[in-house]
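Right, one structure below, let's go through it.
The values are calculated or read from the model by the stated rules, or taken from the named source; none is laboratory data. Bear in mind that the values here come from a model prediction, so they are computed numbers and not experimental data. FYI the Cβ positions are ideal-geometry reconstructions off the backbone, even for glycines, and counts take in every protein chain you see.
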Amino acid sequence: MTATAPTSASMEQTKHIWVITGPAGCGKTSVAEHLHQQLSLPYLEGDTFHTPENVQKMADGQPLTDADRWDWLILLREQSILTLSKPTSTSTTTTSTPSGVIVTCSALKRKYRDVLRIATYHRPDIKVHFVFLQASESALMDRVRGRQNHYMKDYMVHSQFQSLEAPMEDELGNDVLAVDASGNSVDVQNLALSAVSKALKGGR
Ligand SMILES: Nc1ncnc2c1ncn2[C@@H]1O[C@H](COP(=O)(O)OP(=O)(O)O)[C@@H](O)[C@H]1O
Ligand SMILES: O=C(O)[C@H](O)[C@@H](O)[C@H](O)[C@H](O)COP(=O)(O)O
């Protein structure tokens, strides 16, 4: 019996988009920086892709609407795909494209996650994963209150929880990794890294 020839898709290296999600203050930036360092993957900070108008709106204490968020979500998706095809230097003189990219995005609602999931359309080599950082509203209020020099103020956290559609069971069994984000920064960073490593080993 002859072995089935692998398809061109299965011969290609899978490329991963790791979206670090959750309401303001859950630790997206802190976790993304850790994954960026530990996995040597490029990192896109979602906050830096907002338009000045959106940033001003949030700084003025007004939550973004769906309409404010669409172009931002599409931009994050397209920039993630682009980053996966950008060669990165290695320790040798050769260059290669990264096997993944880390991106922070609150992705509060299911339809926002669906916008990011579109990255896999026509790209069977790409997998999108969401690392959902879970902690209580009061804990996030405290963290955002303690954060300096950021447009997002603590009184915005409540609106983030009002918008939040926590991933449902079908998402959790598929492309969402739920991580307990109630502990200290180091614990949460380690939990997120082990969830990502486990997903990579399990071929998820
Ligand atoms: N697990 C944690 N416990 C306590 N403080 C944290 C934790 N993770 C992050 N922080 C701090 O809380 C604030 C918000 O964290 P950040 O990573 O910016 O969250 P996000 O990007 O989700 O808004 C920062 O000042 C950060 O240093
Ligand atoms: O660091 C933060 O405080 C958050 O990341 C914050 O900036 C916010 O969550 C989004 O960037 C805004 O967009 P949403 O209103 O869609 O969350």
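Selection of region 159-204 for residues being within 16 Å of ligand 1 (Cβ to nearest atom), assigned to a helix (DSSP H, G or I) and surrounded by 14 or more Cβ atoms within 10 Å (Cβ to Cβ) yields Ser159, Gln160, Phe161, Ser163, Val188, Gln189, Asn190, Leu191, Ala192, Leu193, Ala195. Candidates in region 20-41 are the residues that are away from ligand 2 (no atom under 12 Å from the Cβ) and either under 12 Å from the mean Cα position of the chain (by Cα) or modelled with pLDDT under 95 (or both); of these, the one that is farthest from Leu133 (Cα to Cα) is His36. Mind listing just one residue for me: the one in region 83-116 that is charged (D, E, K, R) and at pLDDT 95 or above and, of those, surrounded by the most Cβ atoms within 10 Å (Cβ to Cβ)? Checking each candidate, the answer is Arg113. Scanning region 30-53 for residues that are in a helix (DSSP H, G or I) and within 15 Å of ligand 1 (Cβ to nearest atom) yields Ser30, Val31, Ala32, Glu33, His34, Leu35, His36, Gln37, Gly46, Asp47, Thr48, Phe49.
Against the list (1) in contact with a helix residue (DSSP H, G or I) (Cβ under 9 Å, 6 or more places away or on another chain); (2) surrounded by fewer than 16 Cβ atoms within 10 Å (Cβ to Cβ), the condition Thr29 fails is (2). Count of region 118-151 residues, restricted to those that are crowded, with 18+ Cβ neighbours inside 10 Å, away from ligand 2 (no atom under 13 Å from the Cβ) and part of a helix (DSSP H, G or I), is 1. If the condition is being modelled with pLDDT of 95 or more and among the charged types (D, E, K, R), then region 167-204 contributes Glu169, Asp170, Glu171, Asp175, Asp180, Asp187, Lys198.
Evaluated against (1) more than 20 Å from Gln37 (Cα to Cα); (2) out of contact with any helix residue (DSSP H, G or I) (no Cβ under 9 Å at 6 or more places or on another chain), Ser96 falls short on exactly one condition, (1). Residues of region 54-82 that are in a helix (DSSP H, G or I), more than 9 Å from ligand 2 (Cβ to nearest atom) and surrounded by 13 or more Cβ atoms within 10 Å (Cβ to Cβ): Lys57, Ala59, Trp70, Asp71, Ile74, Leu75, Leu76, Arg77, Gln79, Ser80, Ile81.
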